Structure formats: structure tokens, C-alpha cells
Amino acid sequence: MTRTAEEARTWTVRELADELGVTTRTLRFYEAEGLLRPQRLGTARLYTARDRARLRLILRGRRFGMTLAECREIVDMYDGAATSERRQLEVLLARLGDVARDLRARQDDLRRTLAEVDDVAARCRDRLDELG
């Protein structure tokens, strides 16, 4: 099977970091954790389309509040087979449900706190008005 130009493309540490809005240190950290396995050309690291896709999944998972271990579980279970993709999607869907519940609970907490802040601010304004 012939690889497409996008599949054959590689990125340097700086190019990938800039494209995805992370530091080069972040890429090196994920590499040290075994989440990314860039090719080596002398001392240069070259990231493949697979590395880029894995990094995008990891970053999305982290943004959603997933631990590194959870991100690893999800990206490591994908090997290209339909059965592993199904399993990956089922695990991800379950975890996203947890994330959504947590975010909704935090959103409710923030609404309550904001209402309390607004109430205290209104009382402060009222008292300032009384004081003249």
C-alpha cells in the first residue's frame, strides 16, 4: 500500500510544538513517558503522522481532565484494527461521560459561587449607599 504525502510527512520538534501550541519540553516529556516514539535522524527527532495523531489525542484528553495513564490507555489500545478501534471508542465514550458529569458539577458549583459573589457585592453596594 502506498503512503499518502500526509502519511509520509514528518515534523521536527519545533514544527510539531508550534502547530499544536505546546512547548518542545512537553513533546520531550511525552516521549520520555513512552507516549510518543519519534524517529531519530542523528540527534534530530522526526515525528510522523501517527505521532501527531497520538499527541492530538493526548492533548485533547488532558484538556478534558484525563490523567496521563487514562490518555495512554486510550491511545495505546488503537492498533488500526476495527475491533481495537471499537474498544478504544467505548473506553473513550465512558471516560467522556465521567468528564461531562464532573464538568457539569463544577459548572453548578461555579453558578452557586457566582450567585453568592453577586449577593455579597450587592450588599456591599447597599451598605455603601447607606453610608453615603
Exercise. Answer yes or no as to whether ARG125 is part of a helix (DSSP H, G or I), under 22 Å from the mean Cα position of the chain (by Cα) and among the basic types (Lys, Arg).
Key: no
Exercise. For segment 73-83, state whether one or more residues are of a type outside the set (Val, Ile, Thr), surrounded by 11 or more Cβ atoms within 10 Å (Cβ to Cβ) and part of a helix (DSSP H, G or I).
Key: yes
Self-check item: Residues being of a type in the set (Gly, Ala, Ser) and within 31 Å of the chain's Cα centre (by Cα) - total across segment 104-122
Solution: 2
Practice problem: Would you tally the residues in segment 23-42 being charged (D, E, K, R), under 17 Å from GLY61 (Cα atoms) and outside any loop (DSSP other than H, G, I, E, B)? | Solution: 1
Quiz item: Within segment 49-72, can you find the residues that are surrounded by fewer than 18 Cβ atoms within 10 Å (Cβ to Cβ), hydrophobic (A, V, I, L, M, F, W, C) and not in a helix (DSSP H, G or I)?
Solution: PHE64
Quiz prompt | Residue among ARG127, ARG95 that alone is exposed (fewer than 14 other Cβ atoms within 10 Å of the Cβ) and outside the structural domain of ARG9 (by TED's automatic domain parsing) | solution = ARG127
Practice problem: Would you mind telling me which numbered condition in (1) at pLDDT below 90; (2) in the same structural domain as THR12 (by TED's automatic domain parsing) GLU85 fails? | Solution: (2)
Quiz prompt | Selected residue (only one of LEU46, LEU36 is under 26 Å from GLU90 (Cβ atoms), touching a residue at least 12 places away in the same chain (Cβ under 8 Å) and surrounded by 13 or more Cβ atoms within 10 Å (Cβ to Cβ)) | solution = LEU36
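The values are calculated or read from the model by the stated rules, or taken from the named source; none is laboratory data. Computed from a predicted structure; not experimentally measured. We place every Cβ from the backbone using ideal geometry, glycine too, and count neighbours over all the protein chains shown.
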